[in-house]
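Chemist: First the structure, then my questions, so here it is.
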Amino acid sequence: MEAATMSRDKKARSEQSAQAATRKTASSLFGTDRSSDVPDSTVGVITHDDPVFTCRSVDVFYANKQAIFGVDLDIGRHEVISMIGPSGCGKSTFLRCLNRMNDTIAIARVTGRIELDGQDILDSRIDVVPLRARVGMVFQKPNPFPKSIYENVAYGPRIHGLARDRVELDEIVHTSLERAGLLKEVKDRMDQPGTGLSGGQQQRLCIARAIAVSPEVILMDEPCSALDPIATARIEDLIDELKENYTICIVTHSMQQAARVSQRTAYFHLGYLVEVDETDKIFTNPSHKLTEDYITGRFG
Amino acid sequence: MSNTSNAKREKGAGSKTASRAMDKVHASLRKRYRAEKRFRAYGLISVVVGILFLVVLMASILAKGYPAFRQTFITLDVYLDPGVIDPEGSRDAEVLRLADYNRLVRGSLQIIFPDASGRTERRKLVALVSNGAPFQIQGLVMEDPSLVGQTLTLEVPASGDLDMLMKGRIDRSLPESERRLSDLQIGWVDTLIEQGRIHKRWNKALMTRGDSRDPEMAGIWGAVKGSFYMLVVTLLLSFPIGVAAAVYLDEFAPRNRWTDLIEININNLAAVPSIVFGLLGLAVFLNFFGMPRSAPLVGGLVLAVMTLPTVIISSRAALTSVPPSIREAALGMGASKMQATFHHVVPLAIPGMLTGTIIGMARALGESAPLLMIGMVAFIVDVPQGFMDPATALPVQIYLWADSPERAFVERTSAAILVLLAFLIAMNALAIYLRRRFERRW
């Protein structure tokens with residue numbers, strides 16, 4: 001009798017604490033008290049001396065649900081900027097605004113102002129085809145076309161008419177593969193399908209494909225999340241080399257990767273850009289508590 | 001003290017309940033296994049019954065149909081009498097064409113059986129030879145008029161009844177009045193066999209001729225060609241239209257109430273009974289547009305309308321199975337929507353589209369009901385030479401022959417079914433091959 005009561009008490013207590021725990025996670029992750037957590041305006045330095053992109057109060061809606069809330073951010077020329085944050089924080093969504101890939105999602109709507117060299121790319125009169133030629137993209141999962149390695153790289157120059165003849169096209173393909181650090185591995189099998197390469201090679205092929213049209217900016221959406229550490233290291237080295245000539249925006253889940261490759265880091269939280277600053281500063285001395293919680297591994 | 005004993009008791013009780021639970025599990029386990037075994041048995045029985053039906057069907061069609069591929073021929077010595085063919089010696093084509101070749105056949109039979117006398121007996125004698133025999137001689141003479149005056153040893157097709165007798169389909173033990181061949185005729189046949197004048201040969205007529213009232217002269221070539229012309233029309237219409245519709249709906253169309261409505265309608269159209277499409281063809285193509293009756297063109301149009309939903313649905317399925325990452329890759333390169341679709345998505349979906357189209361074509365090939373409505377169920381002797389000529393189709397020919405009273409048409413019906421099945425199996429095999437060969441997995 002006594003034992004029974006005791007166990008019932010215990011059960012009730014544990015249920016209480018479980019509920020409390022759920023409430024706590026829910027409040028911190030799903031933001032019932034979002035307004036108190038998220039700063040009114042982004043902490044850190046959003047501007048850049050020589051910006052390629054100037055984004056002001058960018059909002060993104062999926063149907064009626066807002067996914068991004070008033071993001072202001074400059075992206076500098078020839079810098080690597082990484083975007084970090086927990087899943088669903090809107091970092092990929094923001095990245096896809098920069099070359100208007102969100103246009104492919106019927107229910108997505110982007111408002112605000114994103115200027116690429118002073119021109120508002122959100123303007124409906126802007127043609128996305130030349131925009132995407134200027135702003136290339138590398139996706140999370142390597143997605144080479146199911147064609148030969150050569151055709152994969154040659155596709156962009158071909159549709160944009162960048163090469164006058166076969167010789168020029170060959171040259172573009174070779175330089176692109178070389179810059180992507182893939183030429184040595186594939187030069188004897190250019191006619192074999194790109195899908196036959198290893199995951200890391202496929203991703204470098206996708207990078208080669210992106211740089212074959214000589215873009216100014218390369219957007220990378222978690223380019224290493226499907227790769228092993230060695231392939232990841234190769235891609236990171238590649239990013240380091242590419243930053244001489246290209247502006248690179250990289251979305252990543254790995255804070256180490258952000259710290260290794262980028263000069264600036266932007267921390268997104270629940271659709272808000274919480275903090276953006278020099279990468280060193282973000283990882284050693286973050287200004288906002290949410291950023292600190294995230295980089296110290298308290299959640300995310 | 002009391003605590004520890006409590007714990008012990010609980011532990012003991014726990015192990016006891018555990019063993020009791022295991023007993024129950026074991027007891028129910030046997031029941032569960034029995035149920036599983038029963039279910040397997042049911043499944044096996046269903047499969048066996050299905051296969052049995054198929055085997056019986058195929059065996060019966062094969063057994064009935066295969067003799068039709070051989071035909072009985074009679075060897076005759078035909079004297080090409082100039083007095084009968086061309087008494088004036090003009091060798092004019094028109095004279096040669098209109099000559100009485102029946103008399104030549106009758107004459108050569110009478111040489112073998114001189115004791116057949118009187119009109120009735122002579123008619124019975126001629127009835128052993130096919131009505132096609134005079135035309136065969138006519139053809140030879142027309143081709144080479146110098147043959148006139150010579151005696152040719154020819155193999156002419158035997159009549160359907162003789163053919164049936166040779167294939168054991170006419171029972172000699174039946175009373176004469178219940179037989180298609182009289183005692184006298186059977187006696188003649190036996191004489192012919194003794195003289196070594198009767199042979200079975202490959203039935204060329206079956207594969208090369210159009211329909212005929214005489215089973216030994218009837219062939220499926222007219223129907224095969226009719227079906228072929230029809231399928232050409234069906235393919236040329238339904239594949240491009242179906243693929244274009246599928247590509248538009250899947251890749252370009254906005255998703256709204258209208259496209260939903262169209263989608264529902266397409267899915268419903270795929271389930272509409274085929275005869276309804278025949279009625280549509282009758283009302284629209286024949287009565288409104290005044291197209292010719294019985295023409296493969298109209299048949300093809302009707303079948304195209306009927307197969308369109310199938311083609312659209314399978315093409316859309318093929319397009320949907322192309323992973324979105326390919327589209328994103330192309331769009332991210334700065335390809336336009338059109339380029340992304342036609343450079344990357346459609347080529348990857350083509351095998352699936354082809355498979356669906358071939359299966360749709362196979363269905364169209366086997367379809368007879370809509371063709372009945374547009375007059376393709378006529379008795380047509382001439383092999384169609386184009387899309388506007390009157391024609392039948394294979395399944396309709398089967399239907400027509402199945403309706404004919406002559407015994408010899410029974411085996412020809414089965415033979416035509418075999419030919420149709422061969423075409424269908426070939427088409428489905430091609431579809432499977434394409435799917436296996438070009439299928440991609442992501």
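No value in this document is a laboratory result; all are computed from the given coordinates. Values in this document were obtained by computation on a predicted structure and should not be read as measured data. Here the Cβ positions follow ideal geometry from the backbone for every residue, glycine too, while neighbour counts run over all protein chains shown.
Chemist: Taking 51 Å as R0, compute the FRET efficiency from the Cβ-Cβ separation of A:Asp228 and A:Asp127 and round it to 0.05.
Modeler: Efficiency for this residue pair is about 0.85.
Chemist: B:Lys337 versus A:His253, label points 7 Å from Cα toward the beta carbon: distance in nm?
Modeler: So the two model labels end up 3.2 nm from each other.
Chemist: Show me the GluC sites (Glu not before Pro) within region A:190-275 that DSSP assigns to loop and that have at most 14 other Cβ atoms within 10 Å of their Cβ.
Modeler: Details: sites: A:Glu216, A:Glu236, A:Glu241, A:Glu244, A:Glu275; in loops: A:Glu216, A:Glu244.
Within region A:190-275, the qualifying GluC sites (Glu not before Pro) (loop, at most 14 other Cβ atoms within 10 Å) are A:Glu244.
Chemist: Tell me, what ³J(HN,Hα) does each residue in region B:337-347 have, in order and in whole Hz, if you take phi through Karplus 6.51 cos²θ - 1.76 cosθ + 1.60 with θ = phi - 60° and put x for Gly and Pro?
Modeler: Ordered by residue, 3J(HN,Hα) equals 3, 4, 5, 4, 5, 8, 7, 10, 6, 5, x Hz.
Chemist: Okay, next question. Lys and Arg at +1, Asp and Glu at -1: add these up for the other residues within a Cβ distance under 15 Å of B:Asp389 and post the number.
Modeler: Around B:Asp389, the surrounding residues sum to 0.
Chemist: Please compare each pair in A:Lys91/A:Lys187; B:Lys225/B:Lys337; B:Lys124/B:Lys225; A:Lys281/B:Lys337; A:Lys65/A:Lys243; A:Lys243/A:Lys281 to a cut-off of 31 Å on the Cα-Cα distance and tell me which ones are over it.
Modeler: Among A:Lys91/A:Lys187; B:Lys225/B:Lys337; B:Lys124/B:Lys225; A:Lys281/B:Lys337; A:Lys65/A:Lys243; A:Lys243/A:Lys281, the Cα-Cα distance tops 31 Å for A:Lys91/A:Lys187; B:Lys225/B:Lys337; B:Lys124/B:Lys225; A:Lys281/B:Lys337; A:Lys65/A:Lys243.
Chemist: State, as an integer percentage, the relative contact order of region B:221-438 based on alpha-carbon contacts under 8 Å between residues 6 or more apart.
Modeler: 31
Chemist: With no solvent and one equal point scatterer per Cα, compute the Debye intensity ratio I(q)/I(0) for region B:68-208 at 0.12 Å⁻¹ and report its log10, rounded to two decimals.
Modeler: -0.51
Chemist: Using the Kirkwood radius built from alpha carbon pairs, what does the Stokes-Einstein equation give as D for region A:122-230 at 25 °C and 0.890 mPa s, in µm² per second?
Modeler: 174
Chemist: With only alpha-carbon atoms counted, please give the Rg and Dmax of region B:221-438, in Å.
Modeler: 19.7, 70
Chemist: While we're on this one: I'd like the FRET efficiency for A:His78 and B:Ile432, computed as 1/(1 + (r/R0)^6) with the beta carbon distance as r and R0 of 51 Å, rounded to 0.05.
Modeler: Calculated value: 0.40.
Chemist: First measure r as the distance between the Cβ atoms of A:Asp117 and B:Asp260, then evaluate 1/(1 + (r/R0)^6) with R0 = 51 Å and state the FRET efficiency to the nearest 0.05. Provide the component values of the computation, followed by the final result.
Modeler: Values: r = 42 Å, r/R0 = 0.82.
So the FRET efficiency works out to roughly 0.75.
Chemist: Per DSSP H run of at least 4 residues, take -39500 (n - 2.57); add these up for the protein assembly as shown, divide by its residues and hand me the 222 nm value, nearest 500 deg cm²/dmol.
Modeler: The per-residue figure over the protein assembly as shown is -17000 deg cm²/dmol.
Chemist: Could you check the spin-label model distance between A:Glu178 and B:Leu54? Points 7 Å from the Cα along Cα→Cβ, value in nm.
Modeler: 6.1
Chemist: So which trypsin sites (Lys or Arg not before Pro) in region B:197-271 end up in coil per DSSP with only 14 or fewer other C-beta atoms within 10 Å?
Modeler: Details: sites: B:Arg197, B:Lys200, B:Arg201, B:Lys204, B:Arg209, B:Arg213, B:Lys225, B:Arg255, B:Arg257; in loops: B:Arg197, B:Arg209, B:Arg213, B:Arg255.
Counting only loop positions with at most 14 other Cβ atoms within 10 Å, the trypsin sites (Lys or Arg not before Pro) in region B:197-271 are B:Arg213, B:Arg255.
Chemist: For chain A, count the residues as N, evaluate 2.2 N^0.38 Å, and divide the Cα radius of gyration by that value, please.
Modeler: Relative to the rule-of-thumb radius for its length, chain A sits at 1.17.
Chemist: Over the alpha carbons of chain B, what is the largest minus smallest coordinate on each principal axis, giving the biggest first in Å?
Modeler: 134, 65, 37
Chemist: Also, I was wondering about something else. Compute the angle between helix A:149-160 and the longest alpha-carbon principal axis of chain A, please, reported from 0 to 90 degrees and rounded to the nearest 10.
Modeler: With both axes taken from Cα atoms, the answer is about 80 degrees.
Chemist: Sticking with this structure for a sec: When the Karplus curve 6.51 cos²θ - 1.76 cosθ + 1.60 is applied with θ = phi - 60°, which whole-Hz ³J(HN,Hα) does each residue of region A:65-73 get, with x for Gly and Pro?
Modeler: Karplus values, whole Hz, x for Gly and Pro: 8, 7, 9, 10, 10, x, 7, 10, 7.
Chemist: Ignore the peptide's own chain and count Cβ atoms of other chains within 10 Å of each Cβ in B:333-344; give me the average, rounded. Working shown, then result.
Modeler: Working: counts 19, 18, 8, 5, 4, 0, 4, 2, 0, 0, 5, 4.
That works out to 6 on average.
Chemist: Could you work out the pair-distance distribution P(r) of region B:305-392 from its alpha-carbon pairs, with 10 angstrom bin width and percents rounded to whole numbers?
Modeler: 16, 29, 22, 16, 12, 4, 0
Chemist: As I understand it, the value is the acute angle between the Cα axis of helix A:199-211 and the longest principal axis of the Cα atoms of chain A; what does it come to in degrees, rounded to 10?
Modeler: Compared with the principal axis, the helix lies near 60 degrees.
Chemist: Would you please name the trypsin sites (Lys or Arg not before Pro) within region A:225-300 that are DSSP coil residues with at most 11 other C-beta atoms within 10 Å of their C-beta?
Modeler: The qualifying sites are A:Arg298.
Chemist: Quote the charge dipole size of the protein assembly as shown about the Cα centre in Debye, to the nearest 20; the model charges only the Cβ of Lys and Arg (+1) and of Asp and Glu (-1).
Modeler: The calculated dipole for the protein assembly as shown is roughly 3700 debye.
Chemist: What is the extension gain from B:Glu36 to B:Ile350, computed as 0.36 nm multiplied by their sequence separation minus the C-alpha to C-alpha distance, in nm to one decimal? Could the numbers behind the result be given before it?
Modeler: Details: separation 314, 0.36 × 314 = 113.04 nm, distance 4.26 nm.
Additional length available on full extension: 108.8 nm.
Chemist: Counting Lys and Arg as +1 and Asp and Glu as -1, what is the net charge of the other residues whose Cβ lies under 14 Å from the Cβ of B:Leu192?
Modeler: Result for the neighbourhood of B:Leu192: -3.
Chemist: Under a crude label model (7 Å from the Cα following the beta-carbon direction), how far is B:Ile112 from A:Glu168 in nanometres?
Modeler: Distance between the two pseudo-spin positions: 8.4 nm.
Chemist: Relative contact order for chain A: what is it in percent, counting Cα pairs under 8 Å that are at least 6 residues apart? Intermediate results must be reported in sequence, preceding the final value.
Modeler: Working: 535 pairs, mean separation 74.9, N = 300.
Computed value for chain A: 25 percent relative contact order.
Chemist: Would you tally the net charge around B:Ile220, using a Cβ to Cβ cut-off of less than 13 Å, leaving B:Ile220 out, and scoring K and R as +1, D and E as -1?
Modeler: Taking every other residue near B:Ile220 into account, the sum is +2.
Chemist: Continuing with the same structure: State the percent of C-alpha pairs, over all pairs in the protein assembly as shown, separated by a distance greater than 42 angstrom.
Modeler: Here the tail beyond 42 Å accounts for 59 percent of pairs.
Chemist: With everything on Cα atoms, drop me the angle between helix B:221-247 and the longest principal axis of chain B, reported from 0 to 90° to the nearest 10.
Modeler: 30
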